[in-house]
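For reference, the structure discussed in these notes is given below.
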Amino acid sequence: MKVLVLNNMVPFLRGGAEALADEIVRRLNATKGIQAELVRIPFKWEPVERLIDEILICRTMRLYNTDLMIGLKFPAYLVPHTRKRLWLLHQFRQAYDLWDTEQSNIPKTPPGHEIRQAVIEADNRCFPDCEKILATRLVANRLLHYNGFYAEIMMAPLNDPELFIGGDYGSYVFCGGRINGGKRQHLLVEAMRFTRSNIRLVVAGPADSPADAARLQELVERYNLNDRVYLDLGFLPRERIAKYVNEALACAYLPVDEDSVGYVTMEAFSAAKTMLTVSDSGGLLDLVQDGDTGLVVQPDPESLAAAIDRLASNRAATIEMGKQGRLRWSGMNVTWPATIERLLG
């Protein structure tokens, strides 16, 4: 069987969804009787009027010589096919739950309302034609609330668990992932100016833009944190990321309302490292339980600083929470063989 996996492409921008798409294709090709390829469709959402063109491009696209299509993100999943399934990683949230927030790029003007409605109508035309829709709990709830469609709950596995085996518990908190305002690494850097312990912060990953990198660098300089905050920005080998995780005291991840538990969380728990996150981080809260598998605090520098000091001052409790995180994650049995079976079944 020939399978095409469809995802968006923003040149030189890669995150968890891109890594997941690559891994799906790799795992499918390792499955007997399956040939799989990844189709990455360029996507540009600025200016906002461009969304109409992007919808039309995908809806009028035809891909042949394939038995099954698996769509992942808007608008790539709009490409029609007689046999289509969705692993719904993201809708265009700016037209849904982010519409009434400052995070939506769609203006509340008559043209903006038309663009928003076009996104919703495109989704509502697509979903009935799908054989199956799979999604995380939060995405499934949103899909039912806004579109009236049901999705089967499915979490993503960690792509390379063999790298995240744990090790010594060092003297730093590690924060990985893409660097941008929505992941809020800047709050951790700002928190370091308020900490009283000797703990250090390591932030590593690719910046979405030069401005995102400059923001962190400027904060380090402004607060004279060069000896306590280390920035390793760029596309890094997975082995280097794993080394940072395996040798950390704890890991931190502060996204705004994440759709999933996040790779950073899966990596940390696989390595038996406790997680520090915030009360509005979304899907992470399915795994990170305050005082059990990690710490959950308010998203402000002072609260984060107090949590970092708590992790540093009571290492035994920090290590124990990491071990509990590992038990919780491994007990969920989220594996690639089971995932591929559900995608194809």
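The values are calculated or read from the model by the stated rules, or taken from the named source; none is laboratory data. The structure displayed is predicted, hence computed values, not measured ones. Here the Cβ positions follow ideal geometry from the backbone for every residue, glycine too, while neighbour counts run over all protein chains shown. The area values use the complete protein model at the heavy-atom level, side chains included, leaving out ligands, DNA and RNA. Shrake-Rupley method; radii C 1.70, N 1.55, O 1.52, S 1.80 Å.
What do you get for the angle between helix 315-331 and the principal long axis of the chain? Use alpha-carbon atoms, 0 to 90 degrees, nearest ten.
Tilt relative to the chain: about 20 degrees.
May I ask you to give the solvent-accessible area per residue for the chain, in square angstrom, as obtained with a 1.4 angstrom probe? It would help to have the intermediate numbers written out before the result.
Numbers: 15340 Å² over 345 residues.
About 44 Å² of surface per residue is accessible.
At a threshold of 8 angstrom on Cα-Cα distance, excluding pairs fewer than six apart, so keeping six or more, what relative contact order does the stretch 220-345 reach in percent?
Numbers: 174 pairs, mean separation 28.5, N = 126.
Across the stretch 220-345, relative contact order equals 23 percent.
When the solvent-accessible surface of protein heavy atoms is calculated with a 1.4 angstrom probe, in what order do 323, 2 fall, highest first?
Sorted by accessible area, descending: 323, 2.
Among rounded, prolate and oblate, which fits the stretch 97-201 when a ≥ b ≥ c are the square roots of the eigenvalues of its C-alpha gyration tensor, a/c under 1.5 means rounded, and a/b larger than b/c means prolate?
It comes out oblate by the Cα gyration axes.
Once you have a ≥ b ≥ c as the square roots of the Cα gyration tensor eigenvalues for the stretch 156-243, tell me rounded if a/c is under 1.5, and otherwise prolate or oblate according to whether a/b is larger than b/c.
It comes out oblate by the Cα gyration axes.
Roughly how large, in nm² to one decimal, is the mean projection of the convex hull of the alpha-carbon atoms in the chain?
16.9 nm²
In debye to the nearest 20, how big a dipole does the stretch 1-119 give about its Cα centre with +1 on each Lys and Arg Cβ and -1 on each Asp and Glu Cβ? Don't jump to the answer; show the numbers that get you there.
On the way: 17 positive and 13 negative charges, 116 e Å.
That gives the stretch 1-119 a dipole magnitude of about 560 debye.
Could you check the spin-label model distance between residue 315 and residue 29? Points 7 Å from the Cα along Cα→Cβ, value in nm.
4.4 nm
Taking all protein chains in place and a 1.4 Å probe, what share, in percent, of the accessible surface of the chain do carbon and sulfur account for?
Using a 1.4 Å probe with all protein chains present, the chain comes out at 52 percent carbon and sulfur.
In terms of solvent-accessible area of protein heavy atoms at a 1.4 angstrom probe, what is the ranking of 164, 12, 235, highest value first?
Sorted descending by solvent-accessible area, the residues read 12, 235, 164.
What accessible surface, in Å², does a 1.4 Å probe find on residue 125, ignoring ligands, DNA and RNA and rounding to the nearest 10?
150 Å²
Compare the peptides 58-68, 94-104, 244-254 by average per-residue count of other Cβ atoms within 10 angstrom and give them in order, highest first.
Ranking the peptides 58-68, 94-104, 244-254 by packing returns 244-254, 94-104, 58-68.
Roughly how many debye, to the nearest 20, is the charge dipole of the stretch 208-345 about its Cα centre, given +1 on each Lys and Arg Cβ, -1 on each Asp and Glu Cβ, and no other charges? Walk me through the numbers before you get to the answer.
On the way: 13 positive and 21 negative charges, 122 e Å.
Charge dipole of the stretch 208-345: 580 debye, to the nearest 20.
When the chain is fully extended, how far beyond the present Cα-Cα distance does residue 230 get from residue 60, taking 0.36 nm per residue of separation?
Fully extending the segment from residue 230 to residue 60 adds 56.5 nm.
May I ask you to derive the FRET efficiency for residue 102 and residue 50 from their Cβ-Cβ distance with R0 = 25 Å, giving the value to the nearest 0.05? Present the calculation step by step, with values, prior to reporting the outcome.
Working: r = 20 Å, r/R0 = 0.81.
Computed FRET efficiency for residue 102 and residue 50 comes out at 0.80.
Using R₀ = 30 Å, calculate the FRET efficiency as 1/(1 + (r/R₀)^6) where r is the Cβ-Cβ separation of residue 223 and residue 132; round to 0.05. Display every interim value, and only then the final one.
Working: r = 50 Å, r/R0 = 1.67.
Calculated value: 0.05.
Just need the relative contact order of the chain here, percent rounded to a whole number, with Cα pairs under 8 Å and 6+ apart.
14 percent
Between their Cα atoms, which of 108/183; 132/323; 132/243; 32/273; 2/183 are more than 27 Å away from each other?
132/323; 132/243; 32/273; 2/183
Tell me, what is the percent relative contact order of the stretch 116-262, built from C-alpha pairs under 8 Å that lie six or more residues apart?
Normalised by residue count, the contact order of the stretch 116-262 is 29 percent.
Report, in deg cm²/dmol and to the nearest 500, the calculated mean residue ellipticity at 222 nm for the chain, where each DSSP H run with n ≥ 4 adds -39500 (n - 2.57) and the sum is divided by the residue count.
-11500 deg cm²/dmol
At what distance in angstrom do the alpha carbon centres of the stretch 11-79 and the stretch 184-201 lie from each other?
With the stretch 11-79 and the stretch 184-201 each reduced to a Cα centre, they are spaced 38 Å.
Subtracting the Cα-Cα distance from 0.36 nm times the residue separation, let me have the gained length for residue 82 to residue 197 in nm, one decimal.
35.5 nm
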